[in-house]
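Asker: Please see the structure below; I have some questions.
The values are calculated or read from the model by the stated rules, or taken from the named source; none is laboratory data. Keep in mind the model is a prediction, meaning the values are calculated, not measured. Neighbour counts are summed over all protein chains in view; Cβ atoms, including those assigned to glycine, are modelled from backbone coordinates with ideal geometry.
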Amino acid sequence: MAEQKATNITYHAGNVTAEERQALTKNNPCVVWLTGLSACGKSTIAVALEQVLIQRGHLAYVLDGDNIRHGLNKNLGFSPDDRTENIRRIGEVSKLFVDAGVIAITSFISPYKADRQTARELVKEGDFVEVFVDASIETCTKRDPKGLYEKALRGEIKHFTGVSPDAPYEAPEAPEVHLDSNTLSIDACVEKLIDYLEKRGTFAG
């Protein structure tokens, strides 16, 4: 848990209710939290899901790992502490999106179970949809457009999740959605996610 450094501050609740925002966005919003190894397909699935949701008239927004590190989290590296802070901030941003009535789709390796649990606990029960995009190291290496796995395997990149001894990936044990990215197409992954969201009651309008 991050230390509270600011003092003499008070939380101010707004006058607009979550139900009023939901009526406007036609969403029963949630966080769709995609987790998995680098190059497993998280970002591609997230972007495709966002596009389908928007086309169907549901407000959604993707928070992507690389994009966030260009701005909000540009001061963070890849040490264990920085990874934890990276996910803490994204969890807080996702909470704000849900409060605004937006379906927040996050695409982060988020390797540690404890950090994902912290993000889950920021929103009410049922509003956090953990999605395990499951792909083997072999599959990720073949798909890797940046050649990062080859560099990590040669020892040229430190703290590389799933390869470096000091950067393990703790896979979800009971995710709401499990996508076998080794075999499923992007369209099939999106269809499976839409099916879950429909059953959850995400689309209120």
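Asker: Counting only residues that are part of a loop (DSSP other than H, G, I, E, B) and over 17 Å from the mean Cα position of the chain (by Cα), which one in region 38-62 is nearest to Pro111 (Cα to Cα)?
Answerer: The extreme case among them is His58.
Asker: Taking Val93, is it touching a residue at least 40 places away in the same chain (Cβ under 8 Å) and among the hydrophobic types (A, V, I, L, M, F, W, C)?
Answerer: In short, no.
Asker: Of the conditions (1) within 24 Å of Lys142 (Cα to Cα); (2) among the small types (Gly, Ala, Ser); (3) at pLDDT 80 or above, Ala60 satisfies every one except a single condition; which number is it?
Answerer: Against the list (1) within 24 Å of Lys142 (Cα to Cα); (2) among the small types (Gly, Ala, Ser); (3) at pLDDT 80 or above, Ala60 comes up short only on (1).
Asker: Quick check on my filter: what residues within region 118-143 are hydrophobic (A, V, I, L, M, F, W, C) and in contact with a strand residue (DSSP E or B) (Cβ under 9 Å, 6 or more places away or on another chain)?
Answerer: Ala119, Leu122, Val123, Phe128, Val129, Val131, Phe132, Val133, Ala135
Yes or no, residue by residue, for (1) touching a Cys at 6+ places or on another chain (Cβ under 6 Å); (2) closer than 22 Å to Leu193 by Cα; (3) surrounded by 16 or more Cβ atoms within 10 Å (Cβ to Cβ); (4) modelled with pLDDT of 95 or more:
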position	(1), (2), (3), (4)
Gly65	no, yes, yes, no
Ile68	no, no, yes, no
Gly71	no, no, no, no
Ser79	no, no, no, no
Ser94	no, yes, yes, yes
Thr106	no, yes, yes, yes
Lys113	no, yes, no, yes
Leu122	no, yes, yes, yes
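Asker: Determine which single condition Arg83 fails, assuming it passes every other condition in (1) closer than 23 Å to Cys140 by Cα; (2) out of contact with any helix residue (DSSP H, G or I) (no Cβ under 8 Å at 6 or more places or on another chain).
Answerer: The failed condition is (2).
Rundown of residues vs (1) loosely packed, with under 15 Cβ neighbours inside 10 Å; (2) at pLDDT 95 or above, yes/no style:
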{"position": "Glu125", "(1), (2)": "yes, yes"}
{"position": "Val131", "(1), (2)": "no, yes"}
{"position": "Tyr149", "(1), (2)": "no, no"}
{"position": "Gly155", "(1), (2)": "yes, no"}
{"position": "Val177", "(1), (2)": "no, yes"}
{"position": "Leu193", "(1), (2)": "no, yes"}
{"position": "Ala204", "(1), (2)": "yes, no"}
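Asker: For the list (1) surrounded by fewer than 20 Cβ atoms within 10 Å (Cβ to Cβ); (2) modelled with pLDDT of 75 or more; (3) farther than 21 Å from Ile87 by Cβ, I need the number of the one condition that Tyr11 fails.
Answerer: The failed condition is (2).
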